[in-house]
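J.: The following block contains the structure, expressed as C-alpha cells.
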Amino acid sequence: ALDDCNIDGIESDYEFGKNILGKIGIVDKKYSDTYTNFLANLKTALGNKSVSADIDIWGLREGVYPLGFLPWINVDMLNAGKFDYVNIMSYQWDKSGSVEQYKQDIFILTKIWKIDPKRINLGIPYFSENTTGLFRNKLINQPTWGKLSTKCPNINIHTNICDKQLFVGKQMNKDIGKLVRENGLR
C-alpha cells in the first residue's frame, strides 16, 4: 500500500497513558524498549521507508506530562539507526517570542538524553494556544494559523498574539530555525 500510494514513511505517535504513571509522564525502560522494538520491527518490515516517532519532552510546560523526564524511546537503538527519527513535540508559545524553552528542550534532548541531533525533527506548533486557559486539559479553541491569520493579515513580524491567541510569529519561527541549524537538528 505504501508503494502503491507513493508514501515514503510512517510516523508514530503513541502517548503512554494507560496507567497513572503514563498519564503523568513516567515512561519506564520496559515501555520505551517495547515501543522502540515496535518501531525497529516496523522499519525492518518497510525496508527503505522512513520510520519516525513523535515524542514529548519533560513536563516543563503547562503539564501535559508533568513528570515526563525520561525519553519515550530507547535512545541507543535510535542512535544506532533501528528507526530513523524522533519528531519532538516541543510546542512552545511565548508572547515576547522567546525561544528559551526550545533551547532547554534541545539541551535535554542532546546533552541529557544524548539523542544524535541528526535524528531530531523539532516540532513547531502551527496551531494556537488558547490564552484564556489551559488548553491541554481541554481541547478548546485551538485554531490553526491558517484560520487565525485571516484575523491579523498584516501582523508585525515580532508579534505572537492574534485575536487573543498565542501563536508562533514570524520572527519566532526564524529564531527557532536558527536554533535548529546551530544545533545540527533536522
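The values are calculated or read from the model by the stated rules, or taken from the named source; none is laboratory data. Keep in mind the model is a prediction, meaning the values are calculated, not measured. Methodologically, a virtual Cβ is constructed for each residue, glycine included, from the backbone with ideal geometry; neighbour enumeration extends over all protein chains shown. Remember, those area values only see protein heavy atoms, side chains included, never the ligands or the DNA or RNA. Shrake-Rupley method; radii C 1.70, N 1.55, O 1.52, S 1.80 Å.
J.: Within the stretch 111-127, how many residues turn out to be open to solvent by less than 30 Å² (accessible area, probe 1.4 Å) and out of contact with any Lys or Arg (no Cβ under 9 Å at 6 or more places or on another chain)?
T.: Residues meeting the conditions: 4.
J.: If only one of Lys147, Lys164, Lys138 is at positive phi and either modelled with pLDDT under 90 or acidic (Asp, Glu) (or both), which one is it?
T.: Exactly one of Lys147, Lys164, Lys138 is at positive phi and either modelled with pLDDT under 90 or acidic (Asp, Glu) (or both), namely Lys164.
J.: Out of the residues in the stretch 73-103 meeting the condition of being open to solvent by less than 10 Å² (accessible area, probe 1.4 Å) and under 14 Å from Tyr35 (Cβ atoms), tell me which one is modelled with the lowest pLDDT.
T.: Restricting to residues being open to solvent by less than 10 Å² (accessible area, probe 1.4 Å) and under 14 Å from Tyr35 (Cβ atoms), the top hit is Ile73.
J.: Could you check Arg186 against (1) under 21 Å from Phe69 (Cβ atoms); (2) at pLDDT below 95; (3) in contact with a Lys or Arg (Cβ under 9 Å, 6 or more places away or on another chain); (4) of a type outside the set (S, T, N, Q) and say which number it fails?
T.: Here Arg186 clears every test but (1).
J.: Looking at Leu70 and the list (1) among the aliphatic types (A, V, I, L, M); (2) in contact with a Phe, Trp or Tyr (Cβ under 7 Å, 6 or more places away or on another chain); (3) farther than 22 Å from Val168 by Cα, which single condition is not satisfied?
T.: All conditions are met except number (2).
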